[in-house]
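**Q** Dropping a structure here in structure tokens format, bear with me for questions.
The values are calculated or read from the model by the stated rules, or taken from the named source; none is laboratory data. Since the model is a prediction, treat every value here as computed from it, not as a measurement. Here the Cβ is made from the backbone with ideal geometry for all residues, glycine too, and neighbour counts use every protein chain on show.
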Amino acid sequence: MKKLAILIGTSLASLLLISCGGGGQAEVDDSPEGMAVQYRQSIMRSVAYKVAQVRAMAQGEIPADNAAFAKHANDVAALAGMVTEGFIPNSATDNSAALPEVWTNNADFQQKAADLQNAAQALATTASSQGFEAAKGMVQAVGQSCGGCHRPYRRRAQDEE
């Protein structure tokens, strides 16, 4: 009877794990360094999504909407202020696109992150106070500040192959 209870309990636990998205997935690195990598990757994906939205409006690929443009711009500004928090010491891992230069040339990295934040804040302020037409030309500066940091501090896809 005891073996049957254990077998049923194990089976139910396995079923629950599978139905909740567990099982077969890699374990999450919950060390401070692992969490930092996950954090910064999430922030970067969010920034990329929001910048893509304002860029698509600015380039006429999707309909311009003052309220949506201002919201996305404000979100980019908020997220940009959070980028550097995920770059803690010893968090350059194989799961990260961050190059070691982030830490060996940290003053420049911090400046480039500040450039992104400044460009994003200028876009958000203009979008909120003057509207889409006044702000759409500022999207390029945000994109350039992203690239200004990615070129020296981010591993490119071909480097990972």
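**Q** For residues that are out of contact with any strand residue (DSSP E or B) (no Cβ under 9 Å at 6 or more places or on another chain), in contact (Cβ under 8 Å) with a residue 24 or more places away in the chain and farther than 18 Å from His72 by Cβ, tally how many sit in segment 125-154.
**A** Of the residues in that region, 3 qualify.
**Q** Here is a further query. Looking only at segment 36-50, filter to residues that are of a type in the set (Lys, Arg) and buried (at least 18 other Cβ atoms within 10 Å of the Cβ); which one of those is nearest to the chain's Cα centre (by Cα)?
**A** Arg40
**Q** For Pro63, which of the numbered conditions (1) over 15 Å from Gln130 (Cα atoms); (2) out of contact with any Gly (no Cβ under 6 Å at 6 or more places or on another chain); (3) in a helix (DSSP H, G or I) fails to hold?
**A** It fails just one condition, (3).
**Q** Right, here's the next one. Starting from segment 41-60, keep only residues that are in contact (Cβ under 8 Å) with a residue 40 or more places away in the chain, then list their pairs with residues that are outside any helix (DSSP H, G or I) whose Cβ atoms are within a distance under 6 Å, requiring at least 6 positions of separation or different chains.
**A** Listed by first residue and then by second, the contacts come to Ile43/Met82; Met57/Ala64.
**Q** Which numbered condition trips up Leu17, out of (1) in a helix (DSSP H, G or I); (2) surrounded by fewer than 16 Cβ atoms within 10 Å (Cβ to Cβ); (3) at pLDDT 95 or above?
**A** Here Leu17 meets the rest and fails (3).
**Q** Right, another one. What's the number of the condition Ala73 fails, among (1) out of contact with any Lys or Arg (no Cβ under 7 Å at 6 or more places or on another chain); (2) closer than 30 Å to Asp29 by Cβ; (3) crowded, with 18+ Cβ neighbours inside 10 Å; (4) small (Gly, Ala, Ser)?
**A** The failed condition is (2).
**Q** Related question: Please verify whether segment 76-91 includes one or more residues that are surrounded by 18 or more Cβ atoms within 10 Å (Cβ to Cβ), of a type outside the set (Phe, Trp, Tyr) and not in a helix (DSSP H, G or I). Give the steps one after another, and end with the answer.
**A** Of all residues in segment 76-91, those surrounded by 18 or more Cβ atoms within 10 Å (Cβ to Cβ) come to 76-77, 79-80, 83-84, 86-87, 91.
So of that shortlist, the ones also of a type outside the set (Phe, Trp, Tyr) come out as 76-77, 79-80, 83-84, 86, 91.
The next check asks that each one be not in a helix (DSSP H, G or I); those that pass are 91.
Among the residues of segment 76-91, at least one is surrounded by 18 or more Cβ atoms within 10 Å (Cβ to Cβ), of a type outside the set (Phe, Trp, Tyr) and not in a helix (DSSP H, G or I), which makes the answer yes.
**Q** Which of the residues belonging to segment 105-161 are assigned to a helix (DSSP H, G or I), of a type in the set (Lys, Arg) and surrounded by 15 or more Cβ atoms within 10 Å (Cβ to Cβ)?
**A** Pass one, segment 105-161, residues assigned to a helix (DSSP H, G or I): 106-130, 132-153, 157-160.
Checking which are of a type in the set (Lys, Arg) leaves us with 112, 136, 151.
Of everything in segment 105-161, those that are assigned to a helix (DSSP H, G or I), of a type in the set (Lys, Arg) and surrounded by 15 or more Cβ atoms within 10 Å (Cβ to Cβ) turn out to be Lys112, Lys136.
**Q** Could you grab me the full set of residues in segment 107-120 that are over 25 Å from Ala73 (Cβ atoms) and touching a residue at least 12 places away in the same chain (Cβ under 8 Å)? Explain how you work it out, then say what you get.
**A** Of segment 107-120, the ones over 25 Å from Ala73 (Cβ atoms) are 107-108.
Correct list: Asp108 only.
**Q** Ile43: closer than 19 Å to Arg155 by Cα, of a type outside the set (Gly, Ala, Ser) and at pLDDT 95 or above, yes or no? Please lay out each step first, then the result.
**A** On the way: closer than 19 Å to Arg155 by Cα: yes; of a type outside the set (Gly, Ala, Ser): yes; at pLDDT 95 or above: yes.
Yes.
**Q** Under 18 Å from Arg45 (Cβ atoms), in contact with a helix residue (DSSP H, G or I) (Cβ under 7 Å, 6 or more places away or on another chain) and in contact (Cβ under 8 Å) with a residue 24 or more places away in the chain, is that true of Ala64? Lay out the reasoning, then the answer.
**A** Working: under 18 Å from Arg45 (Cβ atoms): no; in contact with a helix residue (DSSP H, G or I) (Cβ under 7 Å, 6 or more places away or on another chain): yes; in contact (Cβ under 8 Å) with a residue 24 or more places away in the chain: yes.
Taking the combined requirement at face value, the residue does not satisfy it.
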